[in-house]
Amino acid sequence: TPHKTPLSIIFPGEIRSNMSDLQLAEKYLQRYGYLALEQGGDSQVSLRKALSHMQHKLGLKETGDLDQETMDAIRAPRCGVPDIGK
Amino acid sequence: YNTFEGELKWDHNDITYRVLNYSPDLDPEVIDDAFARAFSVWSAVTPLTFTRIYNEVPDIDILFGSDNHGDPYPFDGKDGLLAHAYPPGDGVQGDAHFDDDEFWTLGTGVVVKTSFGNAEGALCHFPFIFEGQSYSTCTTTGRSDGLPWCSTTANYDNDRKYGFCPSELLFTYAGNSDGAPCVFPFVFDGKTFNSCTKEGRSDGYRWCGTTANYDTDGKYGFCPNRDTAVIGGNSQGDPCVFPFTFLERTYHACTSDGRNDRKLWCATTSSYDQDRKWGFCPDQGYSLFLVAAHEFGHALGLEHSDVQDALMYPMYRYVSDFQLHPDDVEGIQYLYGPNPGPHPTAPVSTRKPSSTTLPTTTTKTTTSSTTTPTTTTTPLDPTQDACKVKVFDAIAELQGELHFFKDGLYWKMSAKDKRPPKTPLRITDTWSALPPNIDSAFQDPTSKKIFFFAGRKFWQYTGSSVLGPRSIEKLGVGKDVEGIIGAIPRNNGKVLLFNGEKFWRLDVKTQTVDKGYPRHTDEDFSGVPTDSHDVFLYQGKYYFCQDRFFWRMTWRKQVEKVGYVKYDLLHCP
């Protein structure tokens with residue numbers, strides 16, 4: 001019989017916590033050089049710009065949005081060397 | 001393609017690398033091979049050469065680590081970030097790090113290399129049939145000693161080909177026990193352990209004592225992962241335990257319940273609810289070869305490419321028939337130029353050497369019918385050209401270089417040399433007490449003393465001072481033994497001395513043969529010729545020479561290559 005609750009638990013020792021898509025995207029964009037660590041001004045605009053940059057660089061459809069294709073790319077296995085900058 | 005800011009690149013073409021540790025996911029030999037193949041991806045299209053070194057500081061250090069692993073860029077557990085590497089330069093620059101929370105394979109699931117058995121180290125074939133039943137993992141069924149085994153063909157019942165799967169009961173890796181198996185129970189810090197443990201370590205690697213008491217003996221090794229070992233979680237390397245309970249429900253197989261990412265997991269004790277010990281179940285894994293080839297691209301100076309099919313594209317994609325993309329070729333050749341093609345043979349000198357006492361060439365000036373003077377070179381004297389020696393008297397790795405002895409002369413080569421040695425040296429110029437024909441030599445890694453054997457005599461050199469000759473009878477070798485034809489020194493103060501069919505273990509310090517010897521070579525070193533005339537250790541591997549050929553054996557006594565002394569060791573054209 002399927003369990004009713006809880007559907008998802010936090011497993012001990014798992015390094016990545018259950019982050020939201022937005023948090024996951026921000027972390028990704030910062031880690032791989034698309035978004036500066038210190039955000040100033042309009043962070044909404046910065047995020048869209050960074051997403052577009054990332055989508056362009058990785059050959060995805062440039063929407064500037066956190067669409068499914070972009071989230072799949074963010075969750076995909078990859079090399080840890082930044083795409084942009086040092 | 002992209003290069004790093006400032007176009008960072010190596011200022012030399014002969015790149016060295018060192019493997020600092022291994023992942024328990026794969027056999028060390030499979031890992032070594034994956035790295036070697038990954039380097040050859042780049043050497044095939046550039047003038048770069050890659051040489052593995054063991055003790056000195058290399059250009060590229062390779063390591064496996066988890067989470068915080070000693071640099072400012074921690075890994076992130078299973079999946080996501082797989083590896084990273086630094087652009088060319090000193091120190092950490094040029095190094096490549098692999099996340100050991102990943103499941104490292106060759107890209108298509110667990111790779112289980114067998115040991116012993118009758119399959120000569122072949123990989124397990126899953127699934128396989130044994131007594132009519134199908135098995136998808138290694139099994140202990142049919143054995144009373146608890147050793148897991150597998151068939152290396154689809155049907156054991158028909159083919160009877162099998163080998164043993166990695167198990168701490170069979171061997172350990174790294175550590176200081178030369179691959180010896182775990183001894184259970186063993187004592188550590190006054191506590192008794194009946195299985196591999198992570199206690200006493202901060203890196204999460206599982207280890208065991210290889211004697212009954214680590215506290216007194218200090219002997220240990222790392223445990224290889226079994227094929228059912230979990231990845232990541234908080235039980236890395238421990239096997240799944242079935243059935244297990246989770247939220248009061250019983251599970252007989254891996255499950256994705258409790259997760260929203262569909263990843264399969266299992267508990268590593270019988271109750272997750274009680275112990276909360278878990279890990280991910282083995283999946284296809286990531287190809288160490290493909291990831292390493294990508295990381296080595298960074299280590300050579302390439303940044304991420306924008307071309308999706310290029311190797312240097314940042315995201316992982318498994319391909320079974322890998323070929324370097326033209327974008328990668330263009331990028332690496334922008335930095336280092338193309339491969340110049342087959343190495344030209346060394347030009348032969350037409351002048352007599354002025355200083356050496358051992359001329360390697362002779363010249364003859366003739367006059368042709370048109371009276372045009374021409375210079376031709378006569379062939380080298382076979383005794384002075386290493387490439388023309390059919391069988392050497394002895395071969396040994398001394399002071400980090402491979403020495404080839406023949407008729408009073410010797411040639412030496414370092415691992416970096418890719419061309420045959422030229423001018424030989426006289427044995428007596430270096431070791432004045434030795435006769436012209438020696439049978440074998442070895443250097444004790446601890447004391448650095450060098451021993452030579454000729455007939456029933458042996459000499460011991462410490463620097464330039466010599467002891468001997470003395471009779472091998474003094475060592476405890478029987479009177480009927482005509483000589484020692486080879487030696488394999490070990491790091492524990494022992495050396496194996498060979499006389500073809502038999503071998504002895506000598507304690508270098510006490511200079512006496514251990515009890516229980518001699519033993520039969522073919523019983524302990526199966527698959528090598530018992531009439532070998534040279535036996536030596538080179539870069540951690542055992543070499544048995546017979547005629548022009550050598551049999552190369554791993555430390556786990558598996559023959560991994562049969563090659564030519566002339567071409568594979570001397571690099572003769």
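Express the relative contact order of segment B:38-133 as a whole percentage, based on alpha carbon pairs under 8 Å and six or more residues apart in sequence. Don't skip to the end; give the middle numbers.
On the way: 100 pairs, mean separation 18.7, N = 96.
With pairs under 8 Å counted, the relative contact order is 20 percent.
Along each of its three principal axes, how wide is the spread of alpha-carbon positions in segment B:485-573, in whole angstrom units, largest first?
Here the spans come out as 44, 22, 22 Å, largest first.
Report the equivalent ellipsoid semi-axes for segment B:411-528 in whole Å, largest first, defined as the square roots of five times the eigenvalues of the gyration tensor built from alpha carbon atoms. Present the calculation step by step, with values, prior to reporting the outcome.
On the way: eigenvalues 118, 66, 42 Å².
Working from the Cα gyration tensor, I get semi-axes of 24, 18, 14 Å.
Please compute the net charge surrounding B:Thr554, taking Lys and Arg as +1 and Asp and Glu as -1 over other residues with Cβ under 10 Å from its Cβ.
+1
Can you list, by residue number, the Cys in chain B that have no neighbouring cysteine C-beta under 4.7 Å?
If one checks each Cβ against the other cysteines of chain B, B:Cys545 turn up with nothing under 4.7 Å.
What net charge do the residues around B:Gly463 carry, taking every other residue with its C-beta under 11 Å from that of B:Gly463, with Lys and Arg at +1 and Asp and Glu at -1?
Numbers: positive: B:Lys448, B:Lys449; negative: none.
Cβ neighbours under 11 Å give a net charge of +2.
Among B:His84, B:Cys124, A:Gly33, whose Cα projects farthest towards the positive end of the dipole of the protein assembly as shown, with charges put on the beta-carbon of Lys, Arg (+1) and Asp, Glu (-1)?
B:Cys124
Full-extension gain between B:Asp145 and B:Asp321, please, as 0.36 nm times their residue separation minus the C-alpha to C-alpha distance.
Gain on stretching B:Asp145 to B:Asp321: 59.3 nm.
For a label point 7 angstrom out from the Cα of B:Thr512 toward its Cβ, which stretches of segment B:446-476 have the backbone nitrogen within less than 15 Å?
Taking a point 7 Å out along Cα→Cβ of B:Thr512, the residues of segment B:446-476 whose backbone N falls under 15 Å are B:473-476.
Tell me, in nm to one decimal, what length is gained between B:Arg160 and B:Glu401 on full extension, where the rule is 0.36 nm per residue of separation less the Cα-Cα distance?
Value of the extension gain: 82.5 nm.
How big is the charge dipole of segment B:25-110 about its Cα centre, in debye rounded to the nearest 20, if each Lys and Arg gets +1 on its Cβ and each Asp and Glu gets -1 on its Cβ?
On the way: 3 positive and 18 negative charges, 77 e Å.
Computed about the Cα centre, the dipole is about 360 debye.
In terms of the ratio Rg/(2.2 N^0.38 Å) built on C-alpha atoms, what value belongs to segment B:67-150? Please list the in-between numbers first.
Values: Rg = 19.1 Å, N = 84, 2.2 N^0.38 = 11.8 Å.
With N residues counted in segment B:67-150, Rg over 2.2 N^0.38 Å equals 1.61.
Can you sort A:Lys61, B:Lys161 so the residue with the fewest Cβ neighbours within 10 Å comes first? Could the numbers behind the result be given before it?
Numbers: A:Lys61 10, B:Lys161 19.
Lowest to highest Cβ neighbour count: A:Lys61, B:Lys161.
Using a basic spin-label model with each label point 7 Å from the Cα along Cα→Cβ, how many nm lie between B:Asp273 and B:Thr446?
A separation of 5.6 nm, rounded to one decimal place.
Hey, could you get me the Stokes-Einstein D for segment B:1-62, Kirkwood radius over alpha-carbon pairs, 10 °C and 1.306 mPa s, rounded to whole µm² s⁻¹?
Stokes-Einstein gives a translational diffusion coefficient of 121 µm²/s.
Ranked by Cβ crowding within 10 angstrom, fewest neighbours first, how are B:Phe322, B:Phe289 ordered?
Details: B:Phe322 16, B:Phe289 22.
Listed from fewest to most nearby Cβ atoms, that is B:Phe322, B:Phe289.
If you place +1 on the Cβ of every Lys and Arg and -1 on the Cβ of every Asp and Glu, how big does the dipole about the Cα centre of segment B:421-471 come out, in debye to the nearest 20? Please list the in-between numbers first.
Values: 7 positive and 3 negative charges, 8 e Å.
Dipole about the Cα centre, nearest 20: 40 debye.
For chain B, what is the relative contact order in percent, using Cα pairs closer than 8 Å and at least 6 residues apart in sequence?
Once divided by the residue count of chain B, the mean separation gives 10 percent.
Please list, by residue number, every one of the trypsin sites (Lys or Arg not before Pro) in segment B:62-147 that is coil in DSSP and has at most 15 other beta-carbon atoms within 10 Å. Please list the in-between numbers first.
Values: sites: B:Lys78, B:Lys113, B:Arg143; in loops: B:Lys78, B:Arg143.
Those that pass, being in a loop and sparsely packed, are B:Arg143.
Considering only DSSP beta bridges whose two residues both sit in segment B:136-219, what percent are antiparallel, to the nearest 5?
On the way: 8 of 9 bridges.
Expressed as a percentage, antiparallel bridges in segment B:136-219 total about 90.
Which value, in debye to the nearest 20, describes the size of the charge dipole of the protein assembly as shown about its Cα centre when Lys and Arg Cβ atoms bear +1, Asp and Glu Cβ atoms bear -1, and nothing else is charged?
Working: 66 positive and 85 negative charges, 482 e Å.
In debye, rounded to 20, the protein assembly as shown gives about 2320.
Long-range amide H contacts for B:His69: which residues qualify at under 5 Å (H placed 1.01 Å from N, peptide plane, sequence gap of 5 or more or a different chain)?
Distant-sequence amide H within range of B:His69: B:Phe75.
As I understand it, the dipole of the protein assembly as shown uses +1 on the Cβ of Lys and Arg and -1 on the Cβ of Asp and Glu, about the Cα centre. Which of B:Thr108, B:His97, B:Cys223 lies farthest toward its positive end?
The Cα lying farthest towards the positive end belongs to B:Cys223.
Which value in nm describes the separation of the simple spin-label points at B:Asn491 and B:Gln133, placed 7 Å from the Cα toward the beta carbon?
Roughly 4.0 nm, to one decimal.
Compute the length gained on full extension between B:Gln539 and B:Val92: take 0.36 nm times their separation in residues and subtract their Cα-Cα distance, giving the result in nm to one decimal.
Working: separation 447, 0.36 × 447 = 160.92 nm, distance 2.42 nm.
Stretched out fully, the B:Gln539 to B:Val92 stretch lengthens by 158.5 nm.
What are the semi-axes of the equivalent ellipsoid for segment B:123-171, taken as the square roots of 5 times the Cα gyration tensor eigenvalues, largest first, in whole Å?
Numbers: eigenvalues 61, 24, 15 Å².
Over the Cα atoms of segment B:123-171, the ellipsoid semi-axes are 18, 11, 9 Å.
Sort out the exposed loop GluC sites (Glu not before Pro) in chain B (DSSP loop, at most 13 other Cβ within 10 Å) and tell me the longest stretch that has none. Numbers along the way, then the final one.
Working: sites that count: B:Glu5, B:Glu7, B:Glu56, B:Glu131, B:Glu199, B:Glu248, B:Glu482, B:Glu501.
Looking at chain B, B:249-481 is the longest stretch - no exposed GluC sites (Glu not before Pro) with at most 13 other Cβ atoms within 10 Å.
I need the calculated FRET efficiency for the pair B:Lys418 and B:Val391, taking r as the beta carbon distance and R₀ as 22 Å, to the nearest 0.05. Before the final figure, lay out the partial values.
Details: r = 23 Å, r/R0 = 1.05.
Working from the Cβ atoms, E equals 0.45.
Ranking B:Trp149, B:Trp555, B:Trp459 by Cβ neighbours within 10 Å, fewest first, what do you get?
Values: B:Trp149 25, B:Trp555 17, B:Trp459 20.
Ordered from fewest to most neighbouring Cβ atoms within 10 Å, B:Trp149, B:Trp555, B:Trp459 come out as B:Trp555, B:Trp459, B:Trp149.
Once label points are set 7 Å from the Cα along Cα→Cβ at both B:Lys198 and B:Asp568, what is their separation, rounded to one decimal in nm?
The two pseudo-label positions are separated by 4.0 nm.
May I ask for the percentage of alpha-carbon pairs in chain B that lie more than 32 Å from each other? Before the final figure, lay out each step's value.
On the way: 91843 of 163878 pairs.
Tail of the P(r) past 32 Å holds 56 percent of the pairs.
How high is the FRET efficiency between B:Thr153 and B:Glu5 when r is their beta carbon distance and R₀ equals 56 Å, given to the nearest 0.05?
Working: r = 53 Å, r/R0 = 0.94.
Approximately 0.60, to the nearest 0.05.
Return the FRET efficiency for the residue pair B:His252, A:Gln23: r is the Cβ-Cβ distance, R0 is 25 Å, and the value is rounded to the nearest 0.05. Can you show the working numbers first?
Details: r = 36 Å, r/R0 = 1.44.
With R0 = 25 Å, the Cβ-Cβ based efficiency is 0.10.
What base-10 log of the normalised intensity I(q)/I(0) is obtained for the protein assembly as shown from the Debye formula, alpha carbons as equal point scatterers, at q = 0.07, 0.10 Å⁻¹?
-0.58, -1.09
Any idea what Rg and Dmax come out to for segment B:452-509 if you just take the C-alpha atoms, in Å?
When restricted to Cα atoms, segment B:452-509 yields Rg and Dmax of 11.2, 33 Å.
For segment B:217-321, count all C-alpha to C-alpha pairs, find those more than 17 Å apart, and express that count as a whole percent of the total. Walk me through the intermediate numbers first.
Values: 3484 of 5460 pairs.
Everything past 17 Å amounts to 64 percent.
Please state, as a whole number in µm²/s, the translational diffusion coefficient that the Stokes-Einstein equation yields for segment B:513-558 at 25 °C and 0.890 mPa s, with Rh defined as the Kirkwood radius across alpha carbon pairs.
On the way: Rh = 11.3 Å.
Estimated diffusion coefficient is 218 µm²/s.
Once the other residues with Cβ under 14 Å from the Cβ of B:Asn194 are scored (Lys, Arg +1; Asp, Glu -1), what is the net sum?
Numbers: positive: B:Lys191, B:Arg206; negative: B:Glu168, B:Glu199, B:Asp238.
Residues near B:Asn194 contribute -1 overall.
Readers should treat all values here as calculations from the given coordinates under stated rules, not as data from a laboratory. The shown structure was predicted, so the numbers you read here are calculated from the model rather than taken from an experiment. Glycine also receives a Cβ, built like all others from the backbone with ideal geometry; neighbour counts cover every protein chain displayed.
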